[in-house]
Amino acid sequence: MAAVKCRVKGVYMAQGAMGASPAVILSMDDETCLPIYIGLWEAMSINSAIQKEVPPRPLTHDLFIDFLDRCNVTLRALVIDSLQDGVYYANLILDQDRHEITLDCRPSDGIAIGVRCNVEIFIDEQVKADSAVPSEDLPALMDIASYLGG
């Protein structure tokens, strides 16, 4: 599987005819983006990780990372590897005692964890070909913190 490296551009509320929806925008070097529409809680978690906010108690994604650490498992990468019926699928690539482990996850959870661990995020080339859009073709976006009044 060939994959393209991307980065998290940010978390936004995408304005559309049906209202606003949370979206994480992944950008690639060729000025294309992959908008992934996600739940509000996941959007807030990703945004919290981008802002490097540390909650007083661990949230779910923080707890997962602590669990990996205590079990001597290292997160190596996140790969968004397929799109089926409008739903993206992803895998966390983990390492335990020099053995690679692949763990199925929702892209939003994988991104929330990946940003916290500062790992590379990849998109399968076919997923990119099927779904990426030029940056200028994205819907109207508002930073999620601004949208929520933060």
Considering the dipole of the chain built from charges on the beta carbon (Lys and Arg +1, Asp and Glu -1) around the Cα centre, which of 21, 59, 103 is farthest to its positive end? 59
Consider all pairwise Cα distances in region 3-147 and report the whole-number % of them above 19 Å. 51 percent
Under a Cβ-only charge scheme (Lys and Arg +1, Asp and Glu -1), can you give me the dipole magnitude of region 1-135 about the Cα centre, in debye to the nearest 20? 420 debye
Which of the trypsin sites (Lys or Arg not before Pro) found in region 1-89 are loop residues per DSSP with 10 or fewer other Cβ atoms within 10 Å of their Cβ? 52
In region 1-89, which GluC sites (Glu not before Pro) are in a loop and have at most 11 other Cβ atoms within 10 Å, using DSSP for the loop call? 31, 53
Loop-located trypsin sites (Lys or Arg not before Pro) in region 83-150 whose Cβ has at most 14 other Cβ within 10 Å (DSSP): 98
Percent RCO, i.e. relative contact order, over region 3-147, from Cα pairs under 8 Å lying at least 6 residues apart: 32 percent
Separation between Cα centres of region 55-134 and region 11-34, rounded to whole Å: 19 Å
So for R0 = 41 Å, FRET eff. of residue 17-residue 97 from the Cβ-Cβ r, to 0.05, ends up at 0.20
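Read-outs: derived from the displayed coordinates by stated rules, not from any lab. Not measured: the values here are computed from a predicted model. In this analysis, Cβ positions are derived from the backbone assuming ideal geometry, glycine residues included, and neighbour counts consider all displayed protein chains.
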